[in-house]
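Inspection log for the structure reproduced underneath, given as structure tokens.
The values are calculated or read from the model by the stated rules, or taken from the named source; none is laboratory data. Here the structure is a predicted model, which means the values were calculated and not measured. Cβ atoms come from the backbone with ideal geometry, glycine included; neighbour counts cover every protein chain shown. Ligands, DNA and RNA are stripped out before the accessible areas are found, and what is left, the full protein with its side chains, is counted by its heavy atoms. Shrake-Rupley method; radii C 1.70, N 1.55, O 1.52, S 1.80 Å.
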Amino acid sequence: MANEPQRQAYLSALGIENYMPRMILPFAPPSVVCELPISVAAQEPSLLQDKFAPTSLSPITLTPLAAPVGNSVASEILADVAPVKKLTVPINAASILDQFETKKAPVIEPFALSLWRPAPGFLIVDSRNSSLALPTELLLNNLLRTFLPTIKPDLREEVMRWPMIENRFVSRTADDARNELQTWLAVENELRPINRLWLMGDNAARYLLDAEIKPADVYWQEHVLNSTGTGVNSLRAIILPSLVELLQQPRLKAHFWASVK
């Protein structure tokens, strides 16, 4: 390269301090000696001595500075602050994973609900307990024959199991069950409008009502479903004990008739 300063600028930009060509490329122009700027070392020694001559230094007396006014207030505030305690638990991957595990909501066991549609617009959701061999369908038949004397009720049972999707990687908390079942009820109300709804038993009421409502506190009452974002705000449900509970405790039937009539 004929322009030596430009070549040095390129090498400096590349981070190369010293460069020496090892071969001459064919058809390359002859090298020209670069006229470098006059350095400080090339100046006359007398000029340098005059420019950088030592000067006499007078001793400096250091006087202590006055303490700031706010130091006393700051020291009093800092004295009241408790020292930061050192962490006794080491921070590593195992401790972080353990914190995530402890913060998870408890997993609930799978359950099933029994569904009946004895008449158009009438839906019964009962907490199913298949471990007890009790004549729940016979009891429901007797109840509906008294409650609906003019029509023959449809007693075809549907079993809805939760979780609806068998996947061990899917979360199975109470909020998950509540979101799924309330969404199902909203879709069911859109497809087949519901004007009468019985929620029977703990599971049916616990997961189809809001999270802050305890089923035992609203038994025998009519409750308006106001789950946000599920589209079931207009539904009114009567909260009742399950058919198994009615069979095990016959005295509850008097409360049952008083609630549904």
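If only residues of the stretch 226-235 that are of a type in the set (S, T, N, Q) and open to solvent by 30 Å² or more (accessible area, probe 1.4 Å) are counted, the one that is modelled with the highest pLDDT is SER234. Look at ALA174 and say whether it is closer than 17 Å to ASP126 by Cβ and modelled with pLDDT of 85 or more. In short, no.
Just for the stretch 97-131: of the residues that are within 30 Å of PRO153 (Cα to Cα), open to solvent by 70 Å² or more (accessible area, probe 1.4 Å) and not charged (D, E, K, R), which one is modelled with the lowest pLDDT? Show your work before the answer.
Taking the stretch 97-131 first, the residues within 30 Å of PRO153 (Cα to Cα) are 110-131.
Right, trim to open to solvent by 70 Å² or more (accessible area, probe 1.4 Å) and you get 110, 120, 128, 130-131.
Then drop every residue that is not not charged (D, E, K, R), which leaves 110, 120, 130-131.
Working: PRO110: 89, PRO120: 92, SER130: 76, SER131: 79.
Applying the filter and picking the extreme gives SER130.
Of the residues contained in the stretch 188-203, none is found to be without any contact (Cβ under 8 Å) to a residue 40 or more places away in the chain and under 26 Å from the mean Cα position of the chain (by Cα).
SER259 fulfils the conditions (1) over 33 Å from the mean Cα position of the chain (by Cα); (2) open to solvent by less than 10 Å² (accessible area, probe 1.4 Å) except for a single criterion, (2). Run MET164 past the list (1) modelled with pLDDT of 90 or more; (2) under 33 Å from the mean Cα position of the chain (by Cα) and report the number of the one that doesn't hold. Every condition holds for MET164 apart from (1).
From the residues in the stretch 148-201 that are part of a loop (DSSP other than H, G, I, E, B) and among the polar types (S, T, N, Q), which one is farthest from PHE111 (Cα to Cα)?
That would be THR150.
Taking (1) open to solvent by 50 Å² or more (accessible area, probe 1.4 Å); (2) in contact with a Phe, Trp or Tyr (Cβ under 9 Å, 6 or more places away or on another chain) in turn, ILE238 satisfies each apart from (1).
Between a first residue in the stretch 143-163 that is over 17 Å from PHE256 (Cα atoms) and among the aromatic types (Phe, Trp, Tyr) and a second residue that is assigned to a helix (DSSP H, G or I) and open to solvent by less than 70 Å² (accessible area, probe 1.4 Å), which pairs have beta carbons less than 6 Å apart while being 6 or more apart in sequence or on different chains? Pairs that qualify, where the first residue is over 17 Å from PHE256 (Cα atoms) and among the aromatic types (Phe, Trp, Tyr) and the partner is assigned to a helix (DSSP H, G or I) and open to solvent by less than 70 Å² (accessible area, probe 1.4 Å), are TRP162/ALA177.
Residue-wise test of (1) surrounded by 12 or more Cβ atoms within 10 Å (Cβ to Cβ); (2) in contact with a Pro (Cβ under 9 Å, 6 or more places away or on another chain).
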{"residue": "PRO149", "(1), (2)": "no, no"}
{"residue": "VAL159", "(1), (2)": "no, no"}
{"residue": "PRO163", "(1), (2)": "yes, yes"}
{"residue": "ASP176", "(1), (2)": "yes, yes"}
{"residue": "VAL224", "(1), (2)": "no, no"}
{"residue": "GLN249", "(1), (2)": "no, yes"}
